[in-house]
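Below you'll find the structure, written out as structure tokens, and then a few comments.
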Amino acid sequence: MPDTSVETLFGSLDDNLRHLESLLNVRIRTQGHELLVEGDPANTAKVARLVAQLAGLLDEGHPISDRDVKTASELVAEDSDVDLRQHFLKGGQLRQAGKRRIAPKTANQKRYLDAIEVHDIVFGIGPAGTGKTYLAMAQAVSYLLAKKVSRIILARPAVEAGEKLGFLPGDVQEKVNPYLRPLYDALYDMMDVEKAERLLERGIIEVAPIAFMRGRTLNDAFVILDEAQNTTSEQMKMFLTRLGFGSKAVVTGDITQIDLPSGKTSGLVEAMHVVGRVEGISFVYFDDRDVVRHKLVQAIVKAYEAHTNGRVADRQPA
């Protein structure tokens, strides 16, 4: 293989190889452009299959990023028969989502998109930066443009995280708009602003607080509930029972970032227990490996997880 291909596969300071070692519990040593792998025969075979498939794609001139190598490692670790060509060149890419083409960057992101295709209600749960809302928005726009649904509804709870709504200037809509801003940002990233504005004016795309869902039946719609960890039990039940014919719902949230008043049960946490085994509903869980923002964000997520787990351990009885 050319030096550039070897550098891509091995990663900076052999970072990709260390990632592979931790995934498959093997030991990998380099000897020039060769890899010496020690460990369980099934896992060493996975390493060989991974390297052969990625080398083939690189030799054919297909661009493979450092993140792609890590994604491929996770896919092969889960399924030794996975076809990486199918993932990267065909199955791993969405149809045009407005002005962008969106591809999953991790195994969990691919599982998430596959779940949305198959199931009518999907929960995406995990830390910030894992693409939960962004990928759901991409699917929603793709469905709308392909006429699989006739409208998109984007909802968020307007939780007073440190500020009182009553102290903010303006009418009710102006008060809640700051809470909905991230949804508008994701929408404008997918579509030209003028087109998005026209669709918003016509009600084909609707962005609203979850309270505005009460009493409605949502037919032929792609509905996204973002920041669902800040819904109450009543709000979550109300939202899940709004789904009508020909509709899909995606619920996203981070259960480590709950801003509800002390003593209030998170509707998302409760739903994980109440509907976790209901047929037709899928739960996809993300972790720090799925963070696709600045690499420091991944490190920050891991640090907070370790801190939280340490506090939980301290509270356990001796």
Number of the condition not met by Pro63 [criteria: (1) surrounded by fewer than 18 Cβ atoms within 10 Å (Cβ to Cβ); (2) in contact (Cβ under 8 Å) with a residue 12 or more places away in the chain] = (2)
Yes/no for Val274 being at pLDDT 95 or above and either touching a strand residue (DSSP E or B) at 6+ places or on another chain (Cβ under 6 Å) or β-branched (Val, Ile, Thr) (or both) = yes
Since Asp290 meets every condition but one in (1) surrounded by 18 or more Cβ atoms within 10 Å (Cβ to Cβ); (2) modelled with pLDDT of 95 or more, which condition does it not meet?
-> (2)
Condition check for Gln86: open to solvent by 80 Å² or more (accessible area, probe 1.4 Å) and either among the basic types (Lys, Arg) or farther than 21 Å from Arg111 by Cβ (or both) | no
Taking the options Lys302, Lys295, Lys264, name whichever one is touching a helix residue (DSSP H, G or I) at 6+ places or on another chain (Cβ under 6 Å), modelled with pLDDT under 90, open to solvent by 100 Å² or more (accessible area, probe 1.4 Å) and not β-branched (Val, Ile, Thr).
-> Lys302
Determine, yes or no, whether Lys248 is of a type outside the set (Asp, Glu), open to solvent by 80 Å² or more (accessible area, probe 1.4 Å) and closer than 26 Å to Pro104 by Cα.
-> no
Out of the residues in the stretch 139-174 that are modelled with pLDDT of 75 or more and part of a helix (DSSP H, G or I), state the one that is most open to solvent (accessible area, probe 1.4 Å).
-> Leu145
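The values are calculated or read from the model by the stated rules, or taken from the named source; none is laboratory data. Since the structure is predicted, the reported quantities are computational estimates derived from the model, not experimental observations. We place every Cβ from the backbone using ideal geometry, glycine too, and count neighbours over all the protein chains shown. Surface areas here come from the heavy atoms of the whole protein model, side chains and all, with no ligands, DNA or RNA. Shrake-Rupley method; radii C 1.70, N 1.55, O 1.52, S 1.80 Å.
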